[in-house]
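Trainee: Let me begin by handing over the structure; questions about it come next.
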Amino acid sequence: MNNVNNKFKDSGYVPFNLNSINKKYTLDSILILENGSYFLGRSFGSKKECLGEICFNTSISGYQEIITDPSYTGQIITFTFPHIGNIGSNKFDDEGNLNSIAGIVVRQHPTNESNWRSEISFDDWLKKNDIPGISGIDTRLLTKIIRKHKSCNAMICYNKTGNFKIEELKNKLEEHPKMDGLNLSSSITTKKQYKYTEGVHELILSKVYNLKKFKPKIAVIDFGVKQNILRHLVNLNAEVNVFSENATIEEINNFKPDGIFLSNGPGDPSATEIKCRKLLIALFQLKIPVFGICIGHQLIGLSFGAKTNKMLQGHRGANHPVKNIFKNKVEITSQNHGYQIDLESLPNCLEVTHTSLFDNSIEGIRHKSLPIFSVQYHPEASPGPTESSYLFNEFLKLIKESKNAKT
């Protein structure tokens, strides 16, 4: 049986040669795509079936941060870098809910870990957190297939004998819902309000602000927030309280925030905006500084009348160039999103601050009269370059200006 079915024989792709796999291993796992193609491989991590939208990430480091990023909820990640798992895993590099991702696809079967920070092997870490994986896949071929589709669901299935009922699995996959219309943040938002106090780790600390005389209160609305975002906010000498997307404006007002942060998160932003519309409107009416990242950025656009759409090719990696229009500078950024704000729908009250140098999509906006701004990419990195972390200081500056104006 070929690694990929006959549907792609005339497409210009070269199927992965199964003969190159060591024969002592059983091909006990299968990856099936919604378009009908399928790949045989070797299982690792949790021995279970998973379904979700398949995507690819081009980062060459930070696989643990990527796997634990809540924005990947319900997705299967294909890593284009072939060596995944070789530095093991540790407690510090987790970015969020460990059980939100569906599964992972890699080229080379994970080897034994070799890194001074490793606390547990990658395979054991995946098993502990019930995350399935499949190796031995030609991820270059798979990425080329994924790029041809605006959205593509997939399934990873394990069978210790290597025997699979392909048609039955395809029928099951067809029933899995598409990403459009899904409000996935509701499944991972915090259940109760909590205070966050951990600062940025010294290994990735880019700048320390001497702000002992100024301690702002920042309310974070959790749509699937990454831990390193919270660390950067704490690093501003801020008192950080995290609220559920189900919180009421009264609960947030009781905290008496000086600034509002709208976090990253998974799913269709238009579905999340519908659910959280009342809260978002109330937050903007406070007229205090608001900073949004990823889905937080999209929710700001939607709330003021813009529209979002599914990208033909999502941005997922730690090497994406973005132009800061007002500073006329280029930043290399970390990104993870499959939706974007539609430029043609942008209302007059909002203006574009950053654009992608890959496809000219919107990467940042700000309100023309209110202290509200946002970016589509991830200035907290983790993984990725930290040159965009200045945006947290911009948020702090906006808060100080707002408080001085009120005084």
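Trainee: Going by what's in this entry, would I66 be described as of a type outside the set (F, W, Y) and more than 20 Å from V200 (Cα to Cα)?
Mentor: Working: of a type outside the set (F, W, Y): yes; more than 20 Å from V200 (Cα to Cα): no.
When the stated conditions are applied, I66 does not pass them.
Trainee: How about segment 94-203: which strands (runs of 3 or more DSSP E) wholly inside it have at least 2 residues that are more than 18 Å from the chain's Cα centre (by Cα)? Before the answer, list the steps.
Mentor: On the way: elements: 103-105, 132-135, 153-158, 194-196.
By residue number, 132-135, 153-158, 194-196.
Trainee: Considering only segment 103-117, state which residues are touching a residue at least 40 places away in the same chain (Cβ under 8 Å) and touching an Asp or Glu at 6+ places or on another chain (Cβ under 8 Å).
Mentor: Correct list: P110 only.
Trainee: Across segment 142-171, which residue is modelled with the lowest pLDDT among those that are out of contact with any strand residue (DSSP E or B) (no Cβ under 7 Å at 6 or more places or on another chain) and basic (K, R)?
Mentor: By that ranking, first place goes to K148.
Trainee: Just to be sure I understand the filter: pairs with C-beta atoms under 7 Å, separated by 6 or more residues or on different chains, first member in segment 143-167 and within 17 Å of F79 (Cα to Cα), second member among the hydrophobic types (A, V, I, L, M, F, W, C) and part of a helix (DSSP H, G or I). Which pairs pass?
Mentor: Pairs that qualify, where the first residue is within 17 Å of F79 (Cα to Cα) and the partner is among the hydrophobic types (A, V, I, L, M, F, W, C) and part of a helix (DSSP H, G or I), are C152/I146; N153/L173; M155/L169; M155/L173.
Trainee: Right, something else. Quick one: in segment 245-280, of everything that is more than 25 Å from the chain's Cα centre (by Cα) and aliphatic (A, V, I, L, M), which residue is surrounded by the fewest Cβ atoms within 10 Å (Cβ to Cβ)?
Mentor: I249
Trainee: Under the condition of being of a type in the set (S, T, Y) and modelled with pLDDT under 95, which residue from segment 109-141 is farthest from L40 (Cα to Cα)? Walk me through it before giving the result.
Mentor: Pass one, segment 109-141, residues of a type in the set (S, T, Y): 111, 114, 118, 121, 135, 139.
Narrowing the set further to residues that are modelled with pLDDT under 95 leaves 111, 114.
Values: T111: 19, S114: 28 Å.
Filtering segment 109-141 for residues that are of a type in the set (S, T, Y) and modelled with pLDDT under 95, the one farthest from L40 (Cα to Cα) comes out as S114.
Trainee: Out of segment 61-120, which residues are β-branched (V, I, T), surrounded by fewer than 21 Cβ atoms within 10 Å (Cβ to Cβ) and more than 17 Å from L142 (Cβ to Cβ)?
Mentor: Of everything in segment 61-120, those that are β-branched (V, I, T), surrounded by fewer than 21 Cβ atoms within 10 Å (Cβ to Cβ) and more than 17 Å from L142 (Cβ to Cβ) turn out to be I87, T111, I120.
Trainee: Okay, moving on. Residues in segment 1-33 that are of a type in the set (D, E) and either modelled with pLDDT of 95 or more or not assigned by TED's automatic domain parsing to the domain that holds H149 (or both): how many?
Mentor: Step one: list which residues in segment 1-33 are of a type in the set (D, E), which gives 10, 28.
Now drop any that are not either modelled with pLDDT of 95 or more or not assigned by TED's automatic domain parsing to the domain that holds H149 (or both), which leaves 28.
Adding up the residues that qualify gives 1.
Trainee: Going through segment 359-377 one residue at a time, which ones are touching a Ser or Thr at 6+ places or on another chain (Cβ under 6 Å) and not in a strand (DSSP E or B)?
Mentor: Of everything in segment 359-377, those that are touching a Ser or Thr at 6+ places or on another chain (Cβ under 6 Å) and not in a strand (DSSP E or B) turn out to be P371, Y377.
Trainee: Here is a follow-up. What number of residues within segment 374-386 are surrounded by fewer than 22 Cβ atoms within 10 Å (Cβ to Cβ) and in contact with a His (Cβ under 8 Å, 6 or more places away or on another chain)? Write out each step before concluding.
Mentor: Start the filter on segment 374-386 by keeping residues that are surrounded by fewer than 22 Cβ atoms within 10 Å (Cβ to Cβ), which leaves 385-386.
Checking the rest, the ones that are also in contact with a His (Cβ under 8 Å, 6 or more places away or on another chain) come to none.
Count: 0.
Trainee: Another question, then. Please state which one of E394, E380, E387 is under 18 Å from L262 (Cα atoms) and part of a loop (DSSP other than H, G, I, E, B).
Mentor: Working: E394 fails: part of a loop (DSSP other than H, G, I, E, B); E387 fails: under 18 Å from L262 (Cα atoms).
That would be E380, the only listed residue that is under 18 Å from L262 (Cα atoms) and part of a loop (DSSP other than H, G, I, E, B).
Trainee: Test A381 against the stated conditions and say whether it is farther than 25 Å from A306 by Cα, among the aliphatic types (A, V, I, L, M) and touching a residue at least 12 places away in the same chain (Cβ under 8 Å).
Mentor: yes
Trainee: Now a separate question. If you go through segment 22-59 one residue at a time, how many are under 25 Å from A318 (Cβ atoms) and among the polar types (S, T, N, Q)?
Mentor: Going through segment 22-59 one residue at a time, the tally reaches 3.
The values are calculated or read from the model by the stated rules, or taken from the named source; none is laboratory data. All figures in this text were calculated on a predicted structure; none of them were measured in a lab. Note: ideal-geometry Cβ built from the backbone for every residue, glycine included; neighbour counts use all protein chains shown.
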